[in-house]
Amino acid sequence: MATQAGNLLKLDTRASKRSNMLLEQSTAKPRRDKVGLGSFAFLFAEIIRYSQNRVLGIQDLEAKMNEIGKRVGVRVFELLMWREKSVHRETRVLQTLVFINTVVWRALFEKQADSLGRSTENDDEYMITDNEPVVLKYISVPKEMSSFSPGAFLAGIVEAIAEGCQCPARVTSHLVPAEGMPLKTVILLKFDKEVMEREKRLESGK
């Protein structure tokens, strides 16, 4: 019994040392060691499965994934504001979109999003396109759930960051497969009326 207790104590001590090392790491610098894509895909699939068991339908599941994405987005935004000394908090629509399209996407996925565009029909709608979202790479949606968009998680991240930049918007994710790009996803942002009115005032210099 004494030997077993001693072994447990040694294991606990090692675990404590690892925890202390993690806690002592600076948040001001990016970590060189990164989570493997396979590990992340497994975790993301488990998040979907966990959420699916606690909702009644696909719409509720997307809302749940969006909510989880928002929690991540808040933390990503705070970390980037602290870490990226050359970046300041954007408050204009276009600058906010460029910030998300480049700085945020590179921080999360080591690449910028593939395109940024504005709707030709509605002035308050913008689109961020990722031709191959990393988070969807190993996610297989069954036929009976074909209307489910796992990209709702990404939409939640974008929504939280837009709000952090004082440009609140309703953000949704849409899977639009194209030739050679089966996972192509469009993140649609529809900015609040107050945001667009503020933009017009700023543009007119009033």
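Tabulated values for the structure
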{"read-out": "Every residue from the stretch 187-206 that is in a strand (DSSP E or B) and open to solvent by 20 Å² or more (accessible area, probe 1.4 Å)", "value": "Leu188, Lys190"}
{"read-out": "Meets criteria (farther than 20 Å from Ile47 by Cα, surrounded by 15 or more Cβ atoms within 10 Å (Cβ to Cβ), of a type in the set (Val, Ile, Thr) and at pLDDT below 95) for Val87", "value": "no"}
{"read-out": "Complete set of residues in the stretch 166-186 that are polar (S, T, N, Q), surrounded by fewer than 22 Cβ atoms within 10 Å (Cβ to Cβ) and under 15 Å from the mean Cα position of the chain (by Cα)", "value": "Thr172"}
{"read-out": "Residue within the stretch 34-47 that is at pLDDT 50 or above, more than 17 Å from Gly151 (Cα to Cα) and open to solvent by less than 70 Å² (accessible area, probe 1.4 Å) present", "value": "yes"}
{"read-out": "Leading residue by the ranking (farthest from the chain's Cα centre (by Cα)) among those in the stretch 137-160 that are open to solvent by 60 Å² or more (accessible area, probe 1.4 Å) and touching a residue at least 60 places away in the same chain (Cβ under 8 Å)", "value": "Ser147"}
{"read-out": "Val104 vs. criteria closer than 22 Å to Glu203 by Cβ and of a type in the set (A, V, I, L, M, F, W, C)", "value": "no"}
{"read-out": "Filter result (open to solvent by 50 Å² or more (accessible area, probe 1.4 Å) and among the aromatic types (Phe, Trp, Tyr)) within the stretch 90-136", "value": "none"}
{"read-out": "Among (1) open to solvent by 60 Å² or more (accessible area, probe 1.4 Å); (2) modelled with pLDDT under 95 - the single one Glu163 does not satisfy", "value": "(2)"}
{"read-out": "2 or more residues more than 17 Å from Gly69 (Cα to Cα) and out of contact with any helix residue (DSSP H, G or I) (no Cβ under 8 Å at 6 or more places or on another chain): qualifying strands (runs of 3 or more DSSP E) within the stretch 79-178", "value": "115-118, 125-130"}
{"read-out": "Identity of the residue in the stretch 56-84, hydrophobic (A, V, I, L, M, F, W, C) and at pLDDT below 90, that ends up surrounded by the fewest Cβ atoms within 10 Å (Cβ to Cβ)", "value": "Leu56"}
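The values are calculated or read from the model by the stated rules, or taken from the named source; none is laboratory data. No experiment lies behind these values; they were computed from the predicted model shown. Heads up, the Cβs are rebuilt from the backbone with ideal geometry, glycines too, and the neighbour counts pull from every protein chain shown. The protein model used for the area step is the full one, side chains on, heavy atoms only, and it has no ligands, DNA or RNA in it. Shrake-Rupley method; radii C 1.70, N 1.55, O 1.52, S 1.80 Å.
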